[in-house]
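**Student:** There's a structure below that I have some questions on.
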Amino acid sequence: MSFDHRPSPNDAVNLASRLELSDRDYQAIASFVHKASGINLMDGKKELVRARLVKRIGQLGFKDFKTYFKYATADATGEEMVFLLDALATNLTSFFREPQHFDFMAKTLLPDLEKKRRRPGGGGPRLRIWSAACSSGEEPYTIAMVVLEKSPYFASGGDFRILATDLSTKVLNVAKRGQYGPESVKNINPVTLRNFMVKSPADKGASIYTVDAHMRSLISFRRFNLMDPFPYKGPMDLIFCRNVMIYFDRETIGVLVNKFYKILEVGGYLFIGHSESLSGLTHSFQYVAPCVYRKVSA
């Protein structure tokens, strides 16, 4: 008679939850994540790293953080590294978050761009927007709502597209589904909500709101690491990169901002989050309004 003394999956997770993350292993993980994604975990984030990885370590049956990290970095498929970066990326968003940006977009940016595009040789109703850290999709869907509702020229011109990228495959899967609960859509004007989302009952009574097919067709969701060379030639008319650079150090921000500048159309705009700033960085953007910058020359 033989006995299998291996712990059950639940026991393994429980055992892993008691693992300690040494300073040395923490520094190794933080250094790698910074190099791979730009995310700065060096300032007191040790407990966050431990808490977000212990369950995975238990699921895979590893005895410590060092062994798991060695496995993740050696995985030839790259799948475990994607999981590790997914786990450590913070994704917090909502529809019409930081609404001043969307007011500026509707009242100033789109009308000015329309005037420019209507001129002879102005380029017509082509509009390209990049949501560069789109999380679970609320930002690019909000952008689409604003254009479709406030700018008939671009909305009906047939050449309006949004690129939506994120490091996390987990949140991108949510974004692609385009389904949200009542709490998620509470900041959307009721008329706008009816125009662009289909309401249906869920299994347990709560409603589900699904982005309509036309709006979804305007958006391409892709996994992309902002630290990688940009494969997008542009030119972009507008880039949203909000509330992600707070996780980067100043050197990384400077490099990223200048990469954005290169792929923007002259006259194009960069929006950053209200907790972020470009002050003290070397760049060619013109300050327009809080957290709004414009490319004024090639």
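Nothing in this text is a laboratory measurement; each read-out follows from the coordinates by a stated rule. Predicted model only: the values in this text are computed from it and were never measured. Here the Cβ positions follow ideal geometry from the backbone for every residue, glycine too, while neighbour counts run over all protein chains shown.
**Student:** How large is ³J(HN,Hα) for each residue in the stretch 161-178, as worked out from phi by the Karplus curve 6.51 cos²θ - 1.76 cosθ + 1.60 (θ = phi - 60°), to whole Hz, x for Gly and Pro?
**Tutor:** For the stretch 161-178, the Karplus curve yields 9, 10, 9, 10, 10, 7, 6, 8, 5, 4, 6, 5, 5, 5, 4, 5, 5, x Hz.
**Student:** May I pose another question? Using a 10 Å cut-off on Cβ atoms, rank the peptides 154-161, 234-241, 275-282 from the highest mean neighbour count down.
**Tutor:** Going from most to least packed, we get 234-241, 154-161, 275-282.
**Student:** Between Lys70 and Asn189, how many nm apart are label points set 7 Å from Cα along the C-beta direction?
**Tutor:** Placing both labels 7 Å beyond Cα along the Cβ direction yields 5.9 nm.
**Student:** How far is helix 65-74 tilted off the main Cα axis of the chain, in degrees rounded to 10, range 0 to 90?
**Tutor:** It is inclined by approximately 60 degrees.
**Student:** Right, another one. Please determine, in degrees from 0 to 90 and to the nearest 10, the orientation of helix 46-60 with respect to the longest principal axis defined by the Cα atoms of the chain, where the helix direction is its Cα long axis.
**Tutor:** 60
**Student:** How big is the gap, in Å, between the Cα center of the stretch 207-246 and the Cα center of the stretch 117-142?
**Tutor:** Each part's Cα centre sits 10 Å from the other's.
**Student:** Testing the spin-label approximation: label points 7 Å from Cα along Cα→Cβ at Arg24 and Val296. State their distance in nm.
**Tutor:** Each label point is offset 7 Å from its Cα along the Cβ direction, giving 5.4 nm.
**Student:** If you don't mind, there's one more thing I want to ask. Considering only Gly124, Thr142, Ser94, whose Cα is most displaced toward the positive end of the charge dipole of the stretch 61-184, charges sitting on Cβ of Lys, Arg (+1) and Asp, Glu (-1)?
**Tutor:** Positive-end residue among those listed: Gly124.
**Student:** What is the stretch 9-88 by shape, rounded, prolate or oblate, if you read a ≥ b ≥ c off the alpha carbon gyration tensor as root eigenvalues and call it rounded for a/c under 1.5, prolate for a/b larger than b/c, and oblate otherwise?
**Tutor:** It comes out oblate by the Cα gyration axes.
**Student:** Let's see if you can work this out: charge +1 on each Lys and Arg Cβ, -1 on each Asp and Glu Cβ, no other charges. What is the dipole magnitude of the stretch 9-88 about its Cα centre, in debye to the nearest 20?
**Tutor:** 140
**Student:** Still on this structure: What share of the DSSP beta bridges in the chain is antiparallel, in percent to the nearest 5?
**Tutor:** Working: 13 of 31 bridges.
Antiparallel bridges: around 40 percent, rounded to the nearest 5.
**Student:** Helix 138-150 sits at what angle to the longest principal axis of the chain, using alpha carbons and giving 0 to 90 degrees rounded to 10?
**Tutor:** With both axes taken from Cα atoms, the answer is about 10 degrees.
**Student:** Which net charge results when you count Lys and Arg as +1 and Asp and Glu as -1 among the other residues whose beta-carbon is under 12 Å from that of Tyr261?
**Tutor:** In short, +3.
**Student:** Would you please give the FRET efficiency between Gln286 and Ala36, computed as 1/(1 + (r/R0)^6) with r the Cβ-Cβ distance and R0 = 30 Å, to the nearest 0.05? Don't skip to the end; give the middle numbers.
**Tutor:** On the way: r = 32 Å, r/R0 = 1.08.
Efficiency, rounded to the nearest 0.05: 0.40.
**Student:** Which of Ala76, Ala36, Ala164 moves most in a GNM of the chain, Cα contacts under 10 Å?
**Tutor:** Looking only at Ala76, Ala36, Ala164, the biggest GNM fluctuation is shown by Ala76.
**Student:** Sticking with this structure for a sec: Taking H placed 1.01 Å from N in the peptide plane, check which residues at least 5 places from Phe248 or on another chain put their amide H under 5 Å from its amide H.
**Tutor:** Asn40
**Student:** Suppose every K and R has +1 on its Cβ and every D and E has -1 on its Cβ; what is the size of the dipole of the chain about the Cα centre, in Debye to the nearest 20?
**Tutor:** 720
**Student:** Can I ask one more? Let me have the 222 nm mean residue ellipticity of the chain computed from DSSP H runs of 4+ only, each contributing -39500 (n - 2.57), with the sum over all residues rounded to the nearest 500.
**Tutor:** Roughly -12000 deg cm²/dmol at 222 nm, from the helical runs in the chain.
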